[in-house]
């Protein structure tokens with residue numbers, strides 16, 4: 001064993017310590033208690049969509065002897081995804097460029113292993129999804145943070161430019177952005193594309209965008225959600241159906257590149273290879289068989305928007321500095337004391353679960369999930385008030 005291996009493992013462990021600490025603390029003790037107002041993570045707090053269950057039941061009936069045999073990326077699944085992407089972007093997507101994966105997590109792992117060589121740098125935005133740093137490290141890359149400034153969390157192109165160097169292989173972008181709920185407009189993505197085009201020409205190799213888009217259908221106020229792939233050929237899109245359907249335990253997603261990418265045919269073989277060595281990163285047979293039906297379904301986005309419109313003004317009236325999300329499940333609020341972990345413990349005593357901002361690299365803040373039920377929102381508001389009053393006392 002080389003000396004580099006344990007150091008790498010230590011860095012990977014360090015990257016998820018805040019995550020593990022939270023989920024072994026108050027969350028593990030209160031998560032299943034029925035009177036708790038649970039805003040901690042994007043888990044369902046109500047029964048799943050009836051049409052989702054019906055679709056799985058229909059497709060669980062085998063049509064042939066290979067119905068549940070080994071599956072790769074099923075052609076029907078690829079056609080379903082390509083048709084959706086074509087309608088969304090206005091570009092003619094090739095089904096052969098769609099790799100079906102076991103959720104967005106699997107798609108990101110495959111993307112990193114496909115693009116990154118040992119020592120390559122990957123720029124990512126902070127606050128991030130929990131596992132970006134770990135996935136970059138696991139692929140042999142070097143994570144480079146670009147910190148976004150709360151409460152607006154705007155896409156800071158100047159900081160991204162400063163972070164790009166001769167070893168930069170990719171920039172990891174997440175819009176709609178978890179945890180802030182920001183939806184980056186087309187003009188920002190076009191500016192990012194122009195910047196990376198110039199950087200690629202300067203360095204003599206493409207700087208990729210990895211566009212993590214699991215919330216691209218969960219947007220509010222009639223906004224349009226654009227993908228960097230519409231403006232930049234060297235873009236890899238990763239997606240999970242677990243958000244739109246609020247079924248994170250049913251692992252199906254995809255990885256794809258736009259039809260404007262010149263070397264997309266060569267990339268297919270590499271993606272397939274990395275799906276194999278990542279641990280057979282393909283979704284199971286049943287979810288692929290059902291995908292054409294699942295593609296048409298969505299949780300009630302209007303209900304999420306109504307919860308946002310009820311909760312955020314209420315929090316502001318109570319004295320919290322809370323953001324107004326443009327998409328995703330989440331809003332961010334500033335802790336009334338600097339120690340956000342300590343304050344989330346106070347909230348837990350008041351039977352409210354939220355995610356400490358420290359877990360997503362925003363100390364002094366906390367994240368609230370709008371997947372909480374309407375009852376939890378109404379029960380939670382006076383409990384947020386009581387916790388704030390306790391801090392004032």
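Any read-out appearing in this document is the output of simple, stated calculations on the displayed coordinates, not a laboratory observation. Bear in mind that the values here come from a model prediction, so they are computed numbers and not experimental data. Neighbour counts run over all protein chains shown; Cβ positions are idealised from the backbone, glycine included.
Below, the figures for the structure above:
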item: Choice from 155, 261, 246 showing the highest fluctuation, given a GNM over the chain with Cα pairs closer than 10 Å; result: 261
item: Additional length obtainable on full extension of the chain from residue 89 to residue 303, 0.36 nm per residue less Cα span; result: 74.4 nm
item: Order of 316, 392 - criterion: other Cβ atoms within 10 Å of each residue's Cβ, fewest first; result: 392, 316
item: Most mobile listed residue (256, 168, 197) in the chain, GNM with C-alpha springs under 10 Å; result: 197
item: Part-to-part distance (alpha-carbon centres) for region 254-273 and region 149-191, which is given in Å; result: 23 Å
item: Pairwise FRET efficiency - residue 161 versus residue 321, Cβ, R0 = 41 Å, nearest 0.05; result: 0.90
item: Efficiency of FRET between residue 269 and residue 68 - r from beta-carbon atoms, R0 25 angstrom, step 0.05; result: 0.40
item: Nearest 10 degrees, 0 to 90: helix 340-349 Cα axis against the chain principal axis; result: 60 degrees
item: Fraction of antiparallel bridges per DSSP, the chain only, in percent to nearest 5; result: 45 percent
item: Pair residue 292, residue 23: separation of 7 Å Cα→Cβ label points (nm); result: 3.5 nm
item: Residue-span extension gain [residue 191 to residue 31] - 0.36 nm each, minus C-alpha spacing; result: 53.4 nm
item: Taking 71, 243 and counting other C-beta atoms within 10 Å, the order from fewest to most; result: 71, 243
item: Label assignment, Cα Rg over 2.2 N^0.38 Å derived from the structure, set (1) 1.28; (2) 1.37; (3) 0.99; result: (3)
item: Acute angle (nearest 10 degrees) that the helix 50-59 long axis makes with the longest principal axis of the chain, alpha-carbon atoms; result: 30 degrees
item: Among 131, 23, 254: highest mean-square fluctuation, GNM of the chain, C-alpha pairs under 10 Å; result: 23
item: Ranking of 15, 240, 126 by count of other Cβ atoms within 10 Å, fewest first; result: 126, 15, 240
item: Length added when fully stretched, residue 221-residue 351, from 0.36 nm per residue minus Cα-Cα; result: 43.7 nm
item: Bridge type composition, region 63-294 - antiparallel percent by DSSP, nearest 5; result: 30 percent
item: Within the chain, helix-based [θ] at 222 nm, where runs of 4 or more DSSP H residues each add -39,500 (n - 2.57), nearest 500; result: -13500 deg cm²/dmol
